[in-house]
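The values are calculated or read from the model by the stated rules, or taken from the named source; none is laboratory data. Bear in mind that the values here come from a model prediction, so they are computed numbers and not experimental data. Because the Cβ atoms are built from the backbone with ideal geometry, glycine has one as well, and the counts that use them run over all protein chains shown.
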Amino acid sequence: MSQPQFQPPPHNPYNPYLQPAPPQQQPGFGQPPVPQQQPIPTGVPTAPAQPPSYPGTPPPVHAQPPVQAGAMPPAPPQPLAFPGPGPMPAPAQPPMYPPHPAPAYQVSPMGQPASGDGQPVGAVLLGLLASVIVSLLYTGLILAVYKDLSSTSAYVLYIAHAFINGAVVGALAGQVGRSSGGARVGAAIIAPVGAFFGYTNAIPLIIADGRTPSAIQFMLESDPLLPAKAWWGSSAGSTVVSLIGLVVAAVAAWSIAYAIGNRNHQA
């Protein structure tokens, strides 16, 4: 029997066992193979990956690799950025507006300021002048009718004079002083003083009318306080009436000055 002939396997280019062997160099012939060299790094070597940083931890210290010839030195490590407040913003400047012109000062027809508390000094001076005039009128009235006056009539006339004096002074204080407290206090002081001197000024004139004008000089030399004693009275009833007259004058001056002053101030 004849044996079957050996058939080589089909050629497969991907089979490493079927690739032809490289030619072998005979010893002693040709150039020796060049030894494989390590690749030379070019440029700046990349820094190794750093671990994640956390707030409050110091930056890690890494060993610096040796600098090779012809290579750039590595860049210094950048400081870690810790979280914190940023720079404070500049304060906002208020908008600039053009200045408003001041209003012109206005004067009322009577010479008083258009607004404010009035003129307390002028109110006191006018009140004093008005009190003197009213007191002189009362003195002249007493001198004219003292012979026909009874004690009750004299008391009523005195109280009426005190009220009229306080009303006139208070009206002027409220009109000129307006809501000024000094004008009201001045009116409350001037009116009682006017009521007192209106009565006491009539005593020397009555003495001079019943006797001679030289009696006034004699009275001033012997008893200069005689008019004040006559106003005070010799009994408790006359003393109370005299004090009531002062209270009436002060209350009338204050009340009327307050009412007129507030009305003019609101207007």
Of the conditions (1) of a type in the set (Lys, Arg); (2) farther than 30 Å from Val121 by Cβ; (3) in contact with a helix residue (DSSP H, G or I) (Cβ under 6 Å, 6 or more places away or on another chain), Arg211 satisfies every one except a single condition; which number is it? (3)
Residue check, Gly166 under 27 Å from Ser235 (Cβ atoms), touching a residue at least 40 places away in the same chain (Cβ under 8 Å), crowded, with 20+ Cβ neighbours inside 10 Å and of a type outside the set (A, V, I, L, M, F, W, C): yes
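Rundown of residues vs (1) under 15 Å from Ile203 (Cα atoms); (2) modelled with pLDDT of 95 or more; (3) among the aromatic types (Phe, Trp, Tyr), yes/no style:
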| site | (1), (2), (3) |
| --- | --- |
| Tyr138 | yes, yes, yes |
| Tyr146 | yes, no, yes |
| Ala154 | yes, no, no |
| Tyr158 | yes, yes, yes |
| Ala167 | no, yes, no |
| Ala173 | no, no, no |
| Arg178 | no, no, no |
| Gly182 | no, no, no |
For the range 224-267, give me each residue that is within 21 Å of Asn201 (Cβ to Cβ) and part of a loop (DSSP other than H, G, I, E, B). Pro224, Leu225, Gly233, Ser234
Look through the range 147-163, keep the residues that are β-branched (Val, Ile, Thr) and free of Cβ contacts under 8 Å to residues at least 12 places away in the same chain, and return whichever of them is nearest to Leu243 (Cα to Cα). Val156
Restricting to the range 200-254, and then to whatever is over 24 Å from Leu137 (Cβ atoms) and among the acidic types (Asp, Glu), can you tell me which residue is surrounded by the most Cβ atoms within 10 Å (Cβ to Cβ)? Asp223
In this structure, is Ser115 at pLDDT below 95 and either assigned to a helix (DSSP H, G or I) or farther than 14 Å from Val169 by Cα (or both)? yes
Cβ-Cβ distance below 7 Å, separation of 6 or more or different chains: which pairs start in the range 221-241 with a residue that is under 15 Å from Val156 (Cα atoms) and touching a residue at least 12 places away in the same chain (Cβ under 8 Å) and end on one that is of a type in the set (A, V, I, L, M, F, W, C) and surrounded by 10 or more Cβ atoms within 10 Å (Cβ to Cβ)? Trp231/Phe196
